[in-house]
Structures are given as structure tokens and as C-alpha cells.
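Beneath this line is the structure, given in C-alpha cells, with notes to follow.
Values in this text are rule-based calculations from the coordinates and carry no lab data. Everything numeric here is computed off the predicted structure, so don't read it as measured data. Here the Cβ is made from the backbone with ideal geometry for all residues, glycine too, and neighbour counts use every protein chain on show.
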Amino acid sequence: MHKIVTTIAATLTVAATLVLPRAFAVEPANLSWGPVFVTPTLDTRLEYTDNVLRTPDDDKDSMISVIKPRVQAWMENGLNTYSLAYTMIDTRYFDSSRDDYTDNQLNLDIYHEFNARNRANLYAEYFDAHEERGTGLSEGVAELLDEPVEFERTTLGGDYTLGSAQSRGRLLLAGKTRDIEYQNFRETTRYRDYSNYGLGATFFWRIKGKTDLVAEVRYQETEYDKVDPTSREGTLDSEEYNYLVGLSWDATAKTSGSVKVGAYDRTYDSNERSDSNGFSWEADVSYQLRTYSIFTLASRRFSEETNGAGDAVNANRTTLGWSHNWNKRSSTNLTLGYLNEDYEGTEREDDEYQVSASYNYAMRRWLDLGAGYSYADRDSDFDLYDYSRSVVYITASVSL
């Protein structure tokens, strides 16, 4: 405990000498080659965590360095934009080198406006990534693995909007496909490779001023590449529908957001698994107390694929945030969060409470400095998954 307190105090002392709170993010300059602009940025982070593996006994702590260079090439053609970005995330654990990793991410984004009433977004992502030990498939068994679980994720998607912001009614159509394939520990992870396909339609109807009535239907299908022969329940393949109605508004200078409620229905291909349905909701609301001070509230119910226990994870998450700009250079951010995860088909249910605070300073147009602290505490029906974790960090963001 003395080591933890000493390390945190030392890190915060360094942070206090380097940073003050931030109002504006880095505003990078661009390199240009004809119509193409190139924007390089670099984010760095030095942190200390008292529970690397997210275990109940907090038996491993470490300092961690994160270096995140990013290069974006983009061009504009009238209102249309085209962007290609590459990001590398290199993370090193000072006291646990087996947890080191390097992630690579490639993103393509296209926005095309055919006319005032017709516009489209297309996007693609390739992510060569990992799950930190103690998360995902290694929850509860992190100490048995000698490295993080690695995976590749490929995402393709887009949406099309018919109607303008001034139209009485408008329609948004969306589609997405995602494929996840694990790269190591294949004896077990080969049964977790899956593809997910989603479609959605959202109709907006202007009822007053800047307030819309919203009706939305979403469908997703999940298919697993292989069935675990030891599973008595059979395949995890499933379909889920979400039906939501509500309001979306930007009614005043102080408030904006959306609130939707409805129902979900999830069915499995295997008769040995129990279908589920129930109440569903999504809410995103912001309140601008002053031009420089904003409160946000976000809450939603969603489904996640299981990491090994049960049929699926029926989750709901709520976060409350406060962002305050103290002056042109400095700002603070405070976030409180709650996450409930119910592992359907088992007796496991987790409650996790989170708090984070950051303190930032825009030293130059091209340089931001910051410091922060986060804490998470999870209480599970199974003690194996309980943990608490503190992280204290300092950051620097640099551009041209």
C-alpha cells in the first residue's frame, strides 16, 4: 500500500508542475500535396495502475507508457470529404513486460452530399488489436495466460439520409457488418470467432420547432464460425430486433439530446438456449449551464456477445459527465458511471461503478498537457470476477 500511495503522489506532483486544465484541444497544422492534406499527431501517456490484471487480490501493479502516433490524409470536394487514417498504439508495462502490446488501426471515411436532401456516409475499419489480460476472454483467468489475447476486427458500414434538417420528415437507413477473428490461444478462441450483420431504419418527424418524433427499428444477426463440441447448448448464433420510439430535440440554447424507449427481442438458432426479450432504452441529453460549462447524461441498454459465460450479456450503462472551461486554455472533466451486466443463462450478474477526473491545459496551439485519475470497482455474484482498480496518469498531445 505504501508503494501505491508513494507512486501516485509522485506522479501527481509531476503532473501538477506540468499541467493546468484545458479549454481547447490541439489544433494541428496540415501538410498539403495538391488537394490532399496530411495531418500527423502524437498522443503520449504515462500512467500508474495498482491492478494490472483486474484480479480480486490486486497482486500486480505497474507504471505504463503509451505512445500513439496518428496520420490522417484527407481531401474536400465542396461539401464532400474523404479521409484515410492510420493509428498505432504502442503500450509498455514497466513491471510486466508480458502485457506489452502494439495495436494497429486503419480507418477510411467518406461523406458525400448528392444534394440538400440526399447524403451518405461510408466507413471501413481494420483493427489489429488485443484484449488486456483480465478483460474479455481472459476475465478471471488472466494469471494463467502469458500474454494478452489478440484479435483482428474488420468493420464495413454506412448510412443514407433522405431529407434535410429543414424537412418535416426525414429517413435514415444504416447498415454494418463486423468480423472478429482471434489470433492466439486457438485451442479455445477459435470458438469465439464471429461475424455480425446489422441493419437499421430511423424516421424523424418534426412536431415543433427543433423537436422531432423518432421511430427506429434495428436488426442484427450474429454467426459464429465454429461450434464448441463440448457445449451442450449448441451454437451461439442469434438474431436480435430493437424497436424504439422517442424524441430528439435541440430546442433551446441550453438543452439538446434524444430519449428513446422500446423493446428488444433476441432469439437463438439453438433450441437449447433460452430466447430473451424486454424493455429497452437509449438516452443522450446535454444541458449547457453556461457557454463554458456543460452537463451530459447518457444511458442505454444493449447486448454484447458473451466472453465465455452464458448465452449473451444483457447490459445497461449510465454515465453522468461535467465539462467546464475555466478560461481559454484550461478545463476539467468529471465522469461518473454505472454498468450492469447480466450474463443470460447463468447466475452471474456484475455491477461496476466508475469515476474519472481530468485536468487539462492547452499550452500551445500544437501542444496540450493533462493529468487525471480513474477508479473502477466491480461487484460480481462470483467473487472470481470482483476487482477494484485505480489509474493515475499524465498526458501530452503534440501536432505540427
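Couple of notes before you dig in:
- Restraint check, 208/260; 210/260; 176/226; 210/328, Cα-Cα greater than 27 Å: 210/328
- In the chain the longest region clear of trypsin sites (Lys or Arg not before Pro) that are loop-assigned by DSSP and have at most 10 other C-beta atoms within 10 Å covers 233-400.
- Relative contact order computed over the chain (Cα-Cα under 8 Å; 6+ residues apart), in percent: 16
- Positive contributions from Lys and Arg (+1) and negative ones from Asp and Glu (-1), summed over other residues with Cβ under 11 Å from the Cβ of residue 344, come out at -4.
- All aspartates and glutamates inside 13 Å of residue 68 as judged from Cα atoms, apart from same-chain residues fewer than 8 positions distant: 43, 90, 103
- Correct option for Cα extents along the principal axes in Å [calculated from the coordinates] among (i) 70, 52, 38; (ii) 61, 61, 43; (iii) 62, 50, 44: (ii)
- Charge tally for residue 248 (other residues, Cβ to Cβ under 15 Å; Lys, Arg +1; Asp, Glu -1): +2.
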